[in-house]
Structures are given as C-alpha cells and as structure tokens.
Protein chains: 2
Amino acid sequence: MTTQVQALYDFSGEPNTTEMSITCGEILTLINTEIGEGWWEGRNSKGETGLFPAAYVRKLAPEESVQTKAAPAAPRYDQANDDWGDQQFSAGDSNFQRGTSHEEGWDDDWDDDTYSEIGPVQQQNKTQYNQQLTPLPGMPISDYNHHNEDTASNYGSSVGTVKKNSSFKPSSKVTGESYLLATLNVEVPDSEKVYIVQEEDRYEWWPITQPYTVTVASPKKESKFKGIKSFIAYQLTPSFNNIQVSRRYKHFDWLHERLQEKFTLIPIPPLPDKQISGRYDEQLIERRRVQLQEFVDWMCRHPVLSKCEVWQHFLTCTDEKRWKAGKRQAERDALLGLNYCISIVVPEKALLQSQVDHIAEQCHMFINSMDTSVKSVANMCMAHTKKLQTSYKADCQKVGEAFCSLAASLSLDEGSLASTSKLTTAIKMTGSAYIDIGRMYDDQPKYDWEPLGDKFHLYKGIVGGFPDVLNTHKSAIQKKREYERQTAENKMQVAQLNEVIRRTDVVSYSLLAEINHFKAERTKDLNATMQKFLRQQITFYKRVVEKLETTLKYYDE
Amino acid sequence: MTTQVQALYDFSGEPNTTEMSITCGEILTLINTEIGEGWWEGRNSKGETGLFPAAYVRKLAPEESVQTKAAPAAPRYDQANDDWGDQQFSAGDSNFQRGTSHEEGWDDDWDDDTYSEIGPVQQQNKTQYNQQLTPLPGMPISDYNHHNEDTASNYGSSVGTVKKNSSFKPSSKVTGESYLLATLNVEVPDSEKVYIVQEEDRYEWWPITQPYTVTVASPKKESKFKGIKSFIAYQLTPSFNNIQVSRRYKHFDWLHERLQEKFTLIPIPPLPDKQISGRYDEQLIERRRVQLQEFVDWMCRHPVLSKCEVWQHFLTCTDEKRWKAGKRQAERDALLGLNYCISIVVPEKALLQSQVDHIAEQCHMFINSMDTSVKSVANMCMAHTKKLQTSYKADCQKVGEAFCSLAASLSLDEGSLASTSKLTTAIKMTGSAYIDIGRMYDDQPKYDWEPLGDKFHLYKGIVGGFPDVLNTHKSAIQKKREYERQTAENKMQVAQLNEVIRRTDVVSYSLLAEINHFKAERTKDLNATMQKFLRQQITFYKRVVEKLETTLKYYDE
C-alpha cells in the first residue's frame, strides 16, 4: 500500500534541480524515503515528482489517506527568518542594521538573533496548538489557566528562575488533560520509549546503556557575507561519532526552548548566565563555553534527555537542509508536557498516593532550601572572584610596591647599581614576589572560583526548574482527585477513572525517578566538584608558599 | 672655701622634719652633699639649716658666690605636678577628676599626665635657658631664630616628624655658638667621653664594649591611692643587673624629650605611635609595648645613647627620691645640642670639607627618599592589617557560610541527622575550614604585619630625625664659613678660627659616625626583620594549605 503524506508548510523547490515545490495542505504520495539528509521523494496530484524536506510533511495514517481532509491552518511562516540567518540581511532589514553596528556579533547573537529568528515563529506555533486542544466539556479554557496559576502559586513558583515566554506556554501541557483523559493517542515506537525501573526501594530511569560525552571546544569567531557579519560558534564533538558540529548560541537557545516545552517533569539544565562576569571578550566567551559544557554534560548524563530526538538532532546534524527539517519536526512535536508521558513505561505496581505526596512535599522543602543555598554559593563565587581580581590583587601590589620603593631608596645609599647590596636586592625581590602573588590572585579564579561558580550556575538552573516540575505533578494529582469526585458523583465511568489513575501514576513515577536521578547525580557531581575546587585552592596556596620561600633565600642567613 | 647654691625653684619642707623650705632665687651655703637619695643639707641667710632636693638648686661658680646676683625669673613651678603623680590628687584637682573618670588610666596616662606633669615645667626651663645665652655681638636673638629656620627649610625639615614643643627649642643648641666659639668650657670626665675611630675608610663610634639588652615586659595595670587611680606601667629589665624597674609612658616621654634636647646630631628612636591601631585595650597596650621594645632595643644598640647618663638613670633608678634628683640633674644638663660635642673625641686628622659636604648631600637625598619609603611601608602594614582583619576575614566567612548553608540544605534531603551523608559532612567541614581561615586572617597580623609595622614605625622616627641632624650640621658649617669670612676681614684671630675649624670637624665626625652607624644597624636589622616577616607569612600560608588538605580528606576519593 502506498503511503501518503500531507504538506505542513509551503516549500519552494530550487528551479532546475530535483527539488519540488509543495503547498501547505497538499497530499502527496511517497516514492522514496531513502534519499538521506532529511529529504524524501514524492509525487503530487499533477503527477510531478521531486524531493522535498521530510520535516515539511506528515505521514497520513491509513484511515486518513482515503479521505481528503482539510489541512490544519498553516502558520504564517516567514521563510526569511527560518534559515541560519542568511536571509535576514536583505537591504533595509533592521536586523541587518543591528548586525553591522555590533560587529563583534556576540551581543547581537545573544540578545537579538535569538529572539528575532526563533522566538516569534515558535510563539505562533504554540498559539496554534492551544486552539487545537479539546477542553473538557463544560470547562472553558480560561478556567484551566486560572486553575493552573493557583496551583503554581501553591508551590511558590517564584522560587525558580522565570522562564522565557512562559505566558505562551500552552496550558494543556501543564494540566495534561489530553494525556490523563487519553484523548491524545499517539503510538510511540519502542526505540523512543523510556523505562522506569525499581532499584531496591527507589524508582529510577533505566540507566544509559551507551554512555557518551560531548566536548564543547573553544569557540571560533566565524563570519558570513565576506566578513560583514561575524559571530561566535561553538564546536561540539560527540564521543559516539567524533563528528564536529558548529552551533551558535541561538541554536542552544532554540534547543533549550524545545526541551523546556517537552520535558515538564524534568528540569532542564540552564544555558549560560547573561549576568556572567568577565573583564574582556575572550574571557567572557570562555566562561560561556564552560557553562555550555556544563549544560551539555548534564544532558549527556541524563537517561531521558541524553537520548531525546531534538538533542540528537542538535548534536549530529551537519547539513543545513536536514537541520531545517529536524527543526520543523521538533517544533511540531506532539509529545510535549504531560503528553510526553505516553513514552514512559512504568512498573505495573500502583503507587500509594500518600507516599508520593510525602516525597513531593519533602522535595519541595528541600528544593526551597537548596534554591537559596545554590544561589548563595553561585553569588559568593562571583563576588569572591571579583574581589580577588580587584582588591586582593591591588593589595598585593601595594605591598609589593612599598617593598620595591624601600629597595629603591636603599640603593640610593649604595652608589652605583653594580654595588647594590644583597639586602637591597632581597627586598626588591620580596617586592616583586608580592606583585607576582597579586597576579596569581588575578589569574587564580579561572582554576577554582569560576569553575565552582559555573557548576553552581548549573545547579541554580536545575534547582530553579524543580518548582515547575513539582507543580506539573501536583496539578495532575489534583486533576485525578477531581475525576475521582466526578466518578463518585457518577459523572465519569470507573473504567475511565482507572485509566486516569494509571496515567497519573506514570506522572508520579516520572517525578520519583527524576528526584532520584537528581540526588544521585548531584552526589557524584558535587563530590568531584568540591574536591577539584579544594585541590586548586591547595595548589594556589602552595604556590604562594613556594614564591615566598624562593624570596627568603635571597636574604643572608 | 664654702660653696654656695642658688634655689631654682620653691620647695616646701615637710613641717616637723629635717626638711627646710627654700624660695626660688635664695642663696644658701652648702653644708653636706653626702645625705644621699638626692638630698643636700644647707644653711639659709637666716642661719636656719635643713635638707632640700639637690635638683632644686644650682651650685654657684666661685665668681658668682661673692656678688648678690638677681636670680633668674623663677618658673612658676607647681610642685603638685612634679612627683610621680601623687600630689596631684588633692581634692578639687582637675587631674583627679580626669583620673577617676578614665579608670583604665591609659588615655589619661597617654594624653593628659604626660604633658600636664612634665611638659609645662620643662618648657619654662627651656625658655629660661634661652634667656641666659649670650648672643653674638651685634646679632639679635631673633636673627638666630630666623637664620635657623632658613637653614632648616633648606633641608626640608618638613620631611621629618614634627617635634613636640619645637618652638621652645633654644636656638643656641642648633647654632651652637657657645660650643664653636668655646665660650662654654666644661670639663668632661673621661668616663663620659665618647670616641670616634677610623675603620677602613669609615668613621665610626667606638663600639659598645659591654653590650646589654633590656626587655620591656607585658605591662601591668598598677594603681595608686587604694585603686582610685590606675595606670599602665611597663616593666623594664636590663641584662646587666637584672633588676626590674617600672616605667609609665610619661616617664618614657620625659626621657625622650631629654634625649632629643641633648643629642641633636643623633636621631632619637621614636616612642609608640599615637595613631596605633588595635581593636581592644589589651591589644593596643601590647602594640605599644612592642614599639617601646623597639625604642629600647635601638637605644641599647647605639654606642653613644646606650651609655648616656639620663638613659642609665631611667633604666636603673628604683628609688623615688633618687629618681627626682636624677630628673632634675638631667633637666639642668649643660651639654645639650652642639655643646654635647665637648664630650666627643675624634681622630687628629682634619676633615676635607668638600668630602663632608658630599656625604651630607648624599645622606640628605637618601633620607628624603627613605622617608617616603618607610612611611609607605609603615602605612601599608597598617592598612593591610586592617584589611586582613576586616574584609579578608569577612570574605572567608562568607565563603564558609555559603558552603555551610549548602550542607544544611543537602541534609534536608537525608532525613535524620544520623543519616547525614559523607558528602554533606565534607561540605560542612569545608565551610568550617573557610570560617577558620577567616579567623586565621584576623589573628595573623600580630605575627607578621604588625611587627613589621612596628619596625617601620621605628625607622619612620629615625629617618624623620635625620633632617634635623643634617640641619644642625649644616648650620655649624655655615657658622664656620662666616668665621672664615670674618677672619679674612681681620675681625677674628686665626688661632680662634682654627679652634672653630677643629670644633666644626668634631661636628662633622659625629655626623659621619652617625650616618655609618645607621647604615650598619639598618642593614643588620632589616635583614633580620624581613626574614622573620617572610617566615611568618610562609607559616601562615602553610597553615592554610594544611587546613584545606585536612578538609579534602573528608571527601570520597
């Protein structure tokens, strides 16, 4: 049987190539899906054949193929904003003006491109999703939102970091009606299923079977349009294929948005801090690289995140067209928020609600306290780094200069330079030693305080993400209780309630697995982090001792 | 032939004792000078006999005895202020009020007693000296002063520390007329003579033959009048007799004034700084003790100062009446300023003026530069100490508290206290370690920065005294040139000029010897000081390393 696909977006094929233009809503018959690099071959109703991006179409289920269905309203998609930023530089484009006025490309990259290229498009998609959802009978959408806000404030979501564009978050993902009530039924291939297993008295994500790492290499300044526009690109190399990909900050940002949308039960590691401190461009870029490495490391070590499709796409795609296709596909992902729970396979055993409530409450208290602590450590690292690089350095320099000036005075009483006494030389060397120690104070933070701060930036993000996770869970539990009440009032059938309870348990299992994952990760990670930090501190003070001991030898015994 | 004395001050003899009252200006005939403890016996014009303090009278020269000379205007001497402070506590005395309102007795001792008990008396004495001097024919006193000020400003006396009561300094001591013109002829016993010898190409004070040290012990709070008044007394123990004497700050201050008056060619080490820093009384008192020890050490190591009479009196006198007598005697010392040069025995060889000028000029330049340097080191030590005890300590505490709060948060996720994980414990220990290091920063300065500061307080005083020494010398040289001119104009005889030249050479020899002494002393002293300082710094940083290494062991490998 032939497979049919429906175009989700307009695509203009390049003239005089094998590409074919398609129009949103158009039904095509698939000829070949083995073209590679994200391209498929198909035939349109006029009998023309050609290639189009696989991501621009969706396969129709057999029952859909026969009927001529109205395509969903296409998003107003402005292709000029979709590429790797190339098209935005047409004359008169205000983005182009910005681009040239910030030739360094970083601020631009950070503040403007990110939102102008990805933000608006995705917001429209979200709004569209919202409209496609089926509210519960007799319950207007505004009620969901209202209810959801109440729930969020129960857990004090102000504790967490404020999420970008949070007002556009489709309420369905949080309330999870479509998942809990099983109105959305998507078949998840086995390869994409995620398992939760019992390990002693804990529930855990099925561990990573093929661990890998990804290095974020020192960023390069790349340029486009013969140098008119330059930007910073980070080089990522996964250990599983050793193929380097180049990603700009805006790509990370796009990825981060997708992950936050998709995984409402898993806190997503944060991207680099905009408040990052650095005294010159290179240092700043390096700090961002380290924080991106922390992000990447956390992703790689997470059993669920490490294997999710959008992340894999981000890590491996080297082709521009495939990139676009994958990007579209990720943005069309139906398994967002609680819907993602469809992918999760949990133990058969039903959970005891009181036990789950207790653990969630414990976690809430813990996270509340951790939020304050990790912020305080992160701020302390930043403040201490600054102090070392300014006042500690200056203090040592003052000490050094005072000794140097003493040596200079003493040498005035010694006639020629050649006759400088041993004492004068020794005092001069002492002065130099303290000036050197000042430089060491300046240089040191990159080995201890900054990496520590970067680690706690990560934890700030993870911990800051937990209140939302807990709220998502709590909100599902509240739904369940509402349905239990409805069932008691005979407004819902017992069979349907049982399915709701089963699905709520999946949500709870997911929370428990994530709580345990966070605990295991941070224990291992903080142990290593603190030791590394202390070793660097010890090395530093040992170097100071060495420096002073060397100086001492200049004096007469 | 009977010896007559003239009362310099009023003295009220205790009624119904062997004591006799005397009135300032009164002429008495000496009967017995072997009474001891500073008392002499005499007979007044009415034929009454009795004891009076030897220090209250001056022996009349044979030629003075016959004539009934008008006594010099007596200083308004308030005996209540002369003793060891006993008499000042009569009811209604304002000092008494102060004494009780500042029961600690230090501020009082420092700021009030010192000046109220010794200051005014001595100032008046000086004024008296001034009036007794014989100005050069045709040169009014105001000219000397004016001339002297000019000279002082040549060498930029503003460089030095401002001397107390410097406006009362008798100009004769600086211009040294009576010494240079040999109008003052005092026989100096051999035991009090001071020798300058040639050592290779340098002139040096004859080295100390019997070196000794004096320890300034931790001060005690003593009290008088059954505890109504308490004060700080320092316990001095010279190594040559091992007999402890108790001295208050005001005694040091009095001694210092005498030394500055007497030795205008030798910079006198300074007393403790009034700007001394300390956060509580005991620390402050200890700092002052250390600075007094520095003063005492410098005195002991100086070939001239270490054996001078007033210093020996200060070090050894344990009897109250002897103390008073010695005090009076020191205050009546005729060999002040250039006049002291009568005690100095120099090599026969005449000095080459151009060579002396060159050395003095070199010294001037060097001292100018040193003055800036030693002040800068002293200030730096003070500022750095303060920083360590405030911001460095606070910074470490902030670091420690951030880690401790992290450990506290982590323990919330571990149930009972008993189940605290190894990691949580280790992080808590890390926090404690940094708080301890903060305390170490607070405590450390007393081992390194404060002693270094105290040493440079000493050098600040010595170096600050040199411009006056150089000015005294320069002024003598200028006198010599003036006499050479007068001789050329036949206004002075060649024989007298030769004596002036010989005596000017003594002044120059003295300067050269002092320059060399300072160089030798500081070389030895700074070498030891800097090494001690560096060793303490090394010890400190090693202790930090140890602390962190101990902490590291709490973590899992």
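Bear in mind these aren't lab numbers, they're just calculated from the coordinates by the rules spelled out. Nothing here was measured: the structure is a model prediction, and the numbers come from that model. Glycine also receives a Cβ, built like all others from the backbone with ideal geometry; neighbour counts cover every protein chain displayed.
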Above-threshold pairs, the threshold being 31 Å between Cα atoms, out of A:Lys553/B:Lys547; A:Lys307/A:Lys491; B:Lys349/B:Lys491; B:Lys307/B:Lys519; A:Lys446/A:Lys524 | A:Lys307/A:Lys491
Distance between region A:29-59 and region A:482-557 - C-alpha centres, whole angstrom | 45
So, with points 7 Å from each Cα along the Cβ direction, the B:Ala182-A:Thr18 label distance in nm works out to 12.5
Kindly give the distances from A:Ser218 to its copy-mates, label point to label point, with each label point 7 Å from Cα along Cα→Cβ, as nm values to one decimal ordered shortest first.
-> 5.8
Can you give the mean number of other chain Cβ atoms that lie within 10 Å of the Cβ atoms in peptide B:519-530?
-> 4
Round to the nearest 0.05 the FRET efficiency obtained for A:Asp319 and A:Glu521 when R0 = 30 Å and r is the Cβ-Cβ distance.
-> 0.35
Kirkwood estimate for region B:315-442, i.e. one over the average of 1/r between Cα atoms, Å | 22.1
If each of A:Arg43 and B:Gln283 carries a label point 7 Å out from its Cα toward its Cβ, how far apart are those two points in nm?
-> 9.3
From a point 7 Å beyond the Cα of B:Ala334 in the direction of its Cβ, which residues of region B:1-31 have a backbone N at a distance under 11 Å?
-> none
Between B:Ser246 and A:Glu549, what FRET efficiency comes out of the Förster formula 1/(1 + (r/R0)^6) with R0 = 45 Å and r the beta carbon distance, rounded to 0.05?
-> 0.55
For peptide A:368-378, the mean count of other chain Cβ atoms within 10 Å per residue Cβ is 5
Label points for A:Ala528 built 7 Å along Cα→Cβ; distances to same position in the other copies, nm, shortest first, come to 5.5
7 Å along Cα→Cβ, label-point gaps from B:Asp281 to other copies, nm, shortest first = 6.3
Expressed as a percent, the portion of alpha-carbon pairs in region A:274-383 spaced more than 19 Å apart is 71
Using alpha carbon centroids, what distance separates region B:189-223 and region A:333-376, in Å?
-> 83
